[in-house]
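Data first, discussion second: the structure below is written as structure tokens.
The values are calculated or read from the model by the stated rules, or taken from the named source; none is laboratory data. None of these values were measured; they are calculated from a predicted model. Here the Cβ positions follow ideal geometry from the backbone for every residue, glycine too, while neighbour counts run over all protein chains shown. These area figures cover heavy atoms from the full protein model, side chains too; ligands, DNA and RNA do not enter into them. Shrake-Rupley method; radii C 1.70, N 1.55, O 1.52, S 1.80 Å.
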Amino acid sequence: MKFSDQGIIISQKKFNENSLIVKVFSQNHGIYNGFVKSAKSQKNRTIFQIGNLVSFEHMSRTEESLGQFANVDLVKGFCSKIMFDRLRLDCANSLFSIIDSAFLERENHEDLFEKICNFLENLSDDESQKVEVIGGYVKLELEILKN
């Protein structure tokens, strides 16, 4: 099974010295786990940060097995813009924690993906006020509860 898509990195787990198991909330395929070899190299370290929007190919032998992410490219780096603001970072961590625990793997949530991307865009905007950030987070959490 092989497909190409784009998605938001919602979690990562250390596997070896240089590898990770990454969980991605993809636009057209839902949540997928995958192995990434050499994810901690100098070149790839900034790509595999939680909250980044990436394009990727997912390959696996069978549908149930853990796949592998290949040809991963950074589309938009949200992580670097929110990591130094405590409120924005807490909102992003809470959002990804809810998505990680509430949604099943391989369920498509295309409409929610667009709303999350818009929220991350507003979250990474330096001009947005704290009230706008919290209001956007609450609205997005209500959308997640609807799904």
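Every residue, every condition in (1) in contact with a helix residue (DSSP H, G or I) (Cβ under 9 Å, 6 or more places away or on another chain); (2) under 21 Å from Asp5 (Cα atoms); (3) not small (Gly, Ala, Ser), yes or no:
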{"residue": "Gly34", "(1), (2), (3)": "no, yes, no"}
{"residue": "Lys40", "(1), (2), (3)": "no, no, yes"}
{"residue": "Phe48", "(1), (2), (3)": "no, yes, yes"}
{"residue": "Lys76", "(1), (2), (3)": "yes, yes, yes"}
{"residue": "Met83", "(1), (2), (3)": "yes, no, yes"}
{"residue": "Arg86", "(1), (2), (3)": "no, no, yes"}
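Tell me the residue from Lys115, Lys81 that is in contact with an Asp or Glu (Cβ under 6 Å, 6 or more places away or on another chain) and not aliphatic (A, V, I, L, M), please. Give the steps one after another, and end with the answer.
Numbers: Lys81 fails: in contact with an Asp or Glu (Cβ under 6 Å, 6 or more places away or on another chain).
Of Lys115, Lys81, the one residue that is in contact with an Asp or Glu (Cβ under 6 Å, 6 or more places away or on another chain) and not aliphatic (A, V, I, L, M) is Lys115.
If you scan region 68-89, which residues turn out to be small (Gly, Ala, Ser) and in contact with a Ser or Thr (Cβ under 9 Å, 6 or more places away or on another chain)? Steps first, please.
Here is the first cut: in region 68-89, the residues small (Gly, Ala, Ser) are 70, 77, 80.
Result: Gly77, Ser80.
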Fill in: Near pairs, Cβ below 6 angstrom, 6+ apart or cross-chain, from region 100-111 (touching a residue at least 60 places away in the same chain (Cβ under 8 Å) and of a type outside the set (Lys, Arg)) to any residue that is surrounded by 10 or more Cβ atoms within 10 Å (Cβ to Cβ) and not in a loop (DSSP other than H, G, I, E, B)
Asp100/Ile10; Asp100/Ser11; Phe103/Ile31; Glu105/Ile31; Glu107/Gly30; Asn108/Gly30
Worksheet item: Can you pull out the residues in region 99-134 that are over 22 Å from Ser80 (Cβ atoms) and of a type in the set (Gly, Ala, Ser)?
Response: Ser101, Ala102
Discussion item. Residue pairs, Cβ under 8 Å, 6 or more apart or interchain, first in region 118-147 and more than 20 Å from Gln27 (Cβ to Cβ) and of a type in the set (A, V, I, L, M, F, W, C), second open to solvent by 70 Å² or more (accessible area, probe 1.4 Å) and in a helix (DSSP H, G or I). List them.
Written reply: Val133/Asn122
Item to complete: Please report, ordered by residue number, the helices (runs of 4 or more DSSP H) entirely within region 31-124 with at least 3 residues that are charged (D, E, K, R) and open to solvent by 40 Å² or more (accessible area, probe 1.4 Å).
Response: 86-102, 110-123
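Suppose we filter region 63-84 for residues that are of a type in the set (Asp, Glu) and modelled with pLDDT under 85; how many remain?
Of the residues in that region, 2 qualify.
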Worksheet item: Mind checking which residues of region 33-51 are within 16 Å of Gln68 (Cβ to Cβ) and among the β-branched types (Val, Ile, Thr)?
Response: Val36, Ile47
Worksheet, complete the sentence: Here the residues within region 18-30 that are outside any loop (DSSP other than H, G, I, E, B), more than 16 Å from Ile99 (Cβ to Cβ) and open to solvent by less than 40 Å² (accessible area, probe 1.4 Å) are Leu20
